[in-house]
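The values are calculated or read from the model by the stated rules, or taken from the named source; none is laboratory data. All values derive from a computational prediction rather than experimental measurement. No Cβ is skipped: glycine too gets one built from the backbone with ideal geometry, and neighbour counts run over all protein chains shown.
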């Protein structure tokens, strides 16, 4: 789990359009210890032609990160000569840890919390497309725009990415994540780089629960709200190619709550599908050749 967390943080950093080099599980030689030191995520770039490095530590623990962890991180950075670092934690930080980080001048250390409820356990993370092969958090830049497109399933991520690379329009980033991992990653994004977030996924319980949780995480992180890709949901709901969802039908109240995230004109149809115990796969929507894919994400 923690290795996936580290890789996901690294992918978020590398996807924000910076020319910096991002390396997961890096090794650097410690001048003081005279030994190799491990760094979860190493970001190396340049400022006014001078090399600049930032080290990132990823902590997915049950208990809050303590001052000992921060102290150890500071010592590691001093050992390898890195002047700035960030610690991401799903469990927060103790007050002494926060004071120690705030008081550090070389290196400077930032502490960033990612809410635990936004991160899945091992069984949930291992679930892949349609319950099959394992998937991982992915994000790639397809254009210079500030719009982030989020897709539920990895196959559709690949399909959309290739189409948007040719004609991205205002779309800059395309992402796909296992379960709610993407929601966790919102906490590490800089709102300056994200102007809009649009989501498209399956019409089923999981496919509608994900954007609701992601929307809450995005707002908490100061990002734009996560809104539905109305054009794609329009095409999906019009297809009427439902399949059994493999579980019990949901109640009217739950169905209405989940469907409330969609555009008003789609809520009744989506709610009826959930209540019937059926679902619609997002892969149903394949656009004809010559149609601009980016126009469906408005």
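Say whether the condition of being part of a loop (DSSP other than H, G, I, E, B) and under 18 Å from residue 296 (Cβ atoms) is met by at least one residue in the range 269-282. Looking through the range 269-282, at least one residue is part of a loop (DSSP other than H, G, I, E, B) and under 18 Å from residue 296 (Cβ atoms). All conditions in (1) under 21 Å from the mean Cα position of the chain (by Cα); (2) touching a residue at least 40 places away in the same chain (Cβ under 8 Å) hold for residue 216, with the sole exception of (2). Screening residue 217 on (1) within 26 Å of residue 144 (Cα to Cα); (2) crowded, with 17+ Cβ neighbours inside 10 Å; (3) at pLDDT 90 or above shows it passes everything except condition (3).
The helices (runs of 4 or more DSSP H) found entirely in the range 1-106 that carry 1 or more residues being closer than 30 Å to residue 196 by Cβ and either at pLDDT 90 or above or touching a strand residue (DSSP E or B) at 6+ places or on another chain (Cβ under 9 Å) (or both) are 2-14.
For the range 141-157, check the following and say yes or no: at least one residue is at pLDDT below 75 and loosely packed, with under 15 Cβ neighbours inside 10 Å. No, the conditions are met nowhere in the range 141-157. If the condition is being part of a helix (DSSP H, G or I) and out of contact with any helix residue (DSSP H, G or I) (no Cβ under 6 Å at 6 or more places or on another chain), then the range 201-231 contributes 205, 206, 207, 209, 210, 211, 212, 215, 216, 219, 220, 230. Selection of the range 59-83 for residues being within 25 Å of the chain's Cα centre (by Cα) and surrounded by fewer than 16 Cβ atoms within 10 Å (Cβ to Cβ) yields 61, 62, 63. Restricting the range 232-266 to residues that are touching a strand residue (DSSP E or B) at 6+ places or on another chain (Cβ under 9 Å) and assigned to a helix (DSSP H, G or I), the residue that is modelled with the lowest pLDDT is 239. Out of 118, 127, one residue alone is surrounded by 21 or more Cβ atoms within 10 Å (Cβ to Cβ) and at pLDDT below 90. It is 118.
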